[in-house]
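The values are calculated or read from the model by the stated rules, or taken from the named source; none is laboratory data. Nothing here was measured: the structure is a model prediction, and the numbers come from that model. All Cβ positions, even for glycine, are placed from backbone atoms using ideal geometry, and neighbour counts span all protein chains on display. Only protein heavy atoms, including side chains, enter the accessible area calculation; ligands, DNA and RNA are left aside. Shrake-Rupley method; radii C 1.70, N 1.55, O 1.52, S 1.80 Å.
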Amino acid sequence: MENNNENEEKPLLFTLRRFHLSEDYGFLLPNPLSELPAPYGPWMEIANNLPHLIQSHQLRSQVYKMPQLSSQHLKGHRELHLAHLALSFITMGFVWQEGEEGTVKLLPRNLAVPYCEISQMLGLPPILVHADFVLANWKKKNLNGPLEIENLDTIFSLPGGESLRGFILVTLLVEKAAAPGVKAVVQAGNAILQPDKEALHKALQEMAKAIKEMTDALKRMHACVGFLAHGSTISYCLAFSLRWKDNPAMPGGLIYEGVSDEPMSYSGGSAAQSTVLHAFDELLTIRHSKESTAFLHRMRDYMPPHHRAFIEEIQSAPSLKQHILSSGNEKLRIAYNQCVSVLADLRTYHIAIVTKFIITAAANAKAKKGKESHWVGSLQINPPSSLQERGTGGSGILSFLKSVRDTTRAGIIEC
Ligand code: HEM
């Protein structure tokens, strides 16, 4: 029922600005910096040259020679984000320079101390996360040009050449396509509070449209990421997913020298750390299995605090599904179901992508294991031993993703 009592206090409206989000960029960091102030030259020189330093096995020696720099000259969140991005990439290369069998147990003080200081200031863990790898790792070639793949480049990279670049930039385009959907989440939240059925209907339609556009953007993975019959192209996934938690190659975790004498364990980057689908799931009241929820919620610890707060705000708001069920409004039910249906379709498409680029590629790489070294040309060949089971409670990547897709579809409101 509409509330016409003007004296009654209206609940606080939901805005993107409260969560440092923009209408155009969604969760992407708008126009990230690609240069740090002069004192940080030693970090930037190494970070800008990582593929070469890793492939020529020189990165570790360069890192040991780095001066111990303080984080105190960094100003504002954009410099902090770039510094986190640079140190995350350097750390990944440092740990994995010699592949799975040659990892290190200790991150030296000159890298670990500023890395942990900056991580603490940003509220991020000291490991490469989606917020670094994709959200803050982009620049326009022509500043006045569009946010299109032809006009984009990554700031830093790891061995993986064009495939890694394509993987990062297509994921960025998926995040960009989600931006109107993120705005629609806010509009839907406010339409429930007001309440305004027309505005809610429009917001749900906008959200469904954005999700379809995310699937279209995801399709570009085929053209932008190479797939070689021998599985070499899984390098880009591996580069991103390197981690020191539940990883047989680093059972004890990693000691951050000068920070803690005890090893610390962190999950590696994953687009499961993207806030977009968490936000859509919460708005649509999608309930995943206990095991999947545990993994997905753990991924929230790897998001920037404002993004996490955005999800929490949706969680604490009145339930959209309950609102639609109690309204008995057929138009709203159809619009809601359309959102659920396209979200499940997006997840189905993602499963096909994962099957092609990880499962099949890993099987091919396994067949070749032992015949080639871990860095071949610009590409890593051997899959990590835990690839099939990573982070998903042992249920395997595909059964996890299928379960999440099926529980999404189960959200449909039957008439
Ligand atoms: C070649 C491209 C991709 C590969 C190989 C890939 C791989 C994976 C894998 C292995 C997982 C399981 C969780 C984990 O182990 O971390 C996962 C989960 C996930 N990925 Fe991707 N991914 C790709 C692209 C994307 C893109 C572009 C997005 C969108 C931003 C995305 C969003 C997600 C989400 C949200 C999850 C959590 C499961 C869910 O909510 O459905 N992925 N991905």
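Suppose we filter L158, L200, L143, L169 for residues that are in a loop (DSSP other than H, G, I, E, B) and farther than 19 Å from R243 by Cβ; which single one remains?
L143
Of everything in segment 259-290, what is over 30 Å from V182 (Cα atoms), part of a loop (DSSP other than H, G, I, E, B) and open to solvent by less than 50 Å² (accessible area, probe 1.4 Å)? Give them in sequence order. Walk me through how you get there before you give the answer.
Of all residues in segment 259-290, those over 30 Å from V182 (Cα atoms) come to 259-265.
When the remaining residues are screened for being part of a loop (DSSP other than H, G, I, E, B), the result is 259-263, 265.
Correct list: S260 only.
Every residue, every condition in (1) among the basic types (K, R); (2) in contact with a helix residue (DSSP H, G or I) (Cβ under 7 Å, 6 or more places away or on another chain); (3) within 16 Å of the ligand (Cβ to nearest atom), yes or no:
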| position | (1), (2), (3) |
| --- | --- |
| V113 | no, no, no |
| I118 | no, yes, no |
| M121 | no, yes, no |
| H130 | no, yes, yes |
| F133 | no, yes, yes |
| K140 | yes, yes, no |
| L169 | no, yes, yes |
| G181 | no, yes, yes |
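Which numbered condition trips up R243, out of (1) part of a helix (DSSP H, G or I); (2) modelled with pLDDT under 95?
R243 satisfies every listed condition except (1).
Considering segment 170-216 alone, what residues qualify as being open to solvent by 10 Å² or more (accessible area, probe 1.4 Å), among the aliphatic types (A, V, I, L, M) and under 25 Å from E150 (Cβ atoms)?
L173, V174, A177
Can you work out which of the residues in segment 341-360 that are within 11 Å of the ligand (Cβ to nearest atom) and closer than 22 Å to I413 by Cα is surrounded by the most Cβ atoms within 10 Å (Cβ to Cβ)?
Looking at residues that are within 11 Å of the ligand (Cβ to nearest atom) and closer than 22 Å to I413 by Cα, I get L343.
Which number in (1) open to solvent by 30 Å² or more (accessible area, probe 1.4 Å); (2) within 13 Å of the ligand (Cβ to nearest atom); (3) over 29 Å from S22 (Cβ atoms) marks the one condition that K331 misses?
Unmet for K331, out of (1) open to solvent by 30 Å² or more (accessible area, probe 1.4 Å); (2) within 13 Å of the ligand (Cβ to nearest atom); (3) over 29 Å from S22 (Cβ atoms): (2).
Just one of Q338, Q380 is surrounded by 17 or more Cβ atoms within 10 Å (Cβ to Cβ) and at pLDDT 65 or above; which is it?
Values: Q380 fails: at pLDDT 65 or above.
Selected residue: Q338, the only one of Q338, Q380 that is surrounded by 17 or more Cβ atoms within 10 Å (Cβ to Cβ) and at pLDDT 65 or above.
Scan segment 144-164 residue by residue and report those that are more than 10 Å from the ligand (Cβ to nearest atom) and either touching a residue at least 40 places away in the same chain (Cβ under 8 Å) or of a type in the set (S, T, Y) (or both). Walk me through how you get there before you give the answer.
As a first pass, look at segment 144-164 and keep what is more than 10 Å from the ligand (Cβ to nearest atom): 144-162, 164.
Selection gives I149, T154, I155, F156, S157, L158, P159, G160, G161, E162, L164.
Are any residues in segment 275-296 within 9 Å of the ligand (Cβ to nearest atom) and over 17 Å from E313 (Cβ atoms), and if so, which ones?
Correct list: H288, S292, F295, L296.
For (1) modelled with pLDDT of 70 or more; (2) closer than 24 Å to L158 by Cα; (3) within 12 Å of the ligand (Cβ to nearest atom), each residue gets a yes or a no:
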{"residue": "K366", "(1), (2), (3)": "no, yes, no"}
{"residue": "P384", "(1), (2), (3)": "no, yes, yes"}
{"residue": "E389", "(1), (2), (3)": "no, yes, yes"}
{"residue": "T407", "(1), (2), (3)": "yes, no, yes"}
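If you go through segment 297-307 one residue at a time, how many are away from the ligand (no atom under 12 Å from the Cβ) and open to solvent by 30 Å² or more (accessible area, probe 1.4 Å)?
Pass one, segment 297-307, residues away from the ligand (no atom under 12 Å from the Cβ): 301, 304-307.
From the residues that got through so far, the ones that are open to solvent by 30 Å² or more (accessible area, probe 1.4 Å) too are 301, 305-306.
Of the residues in that region, 3 qualify.
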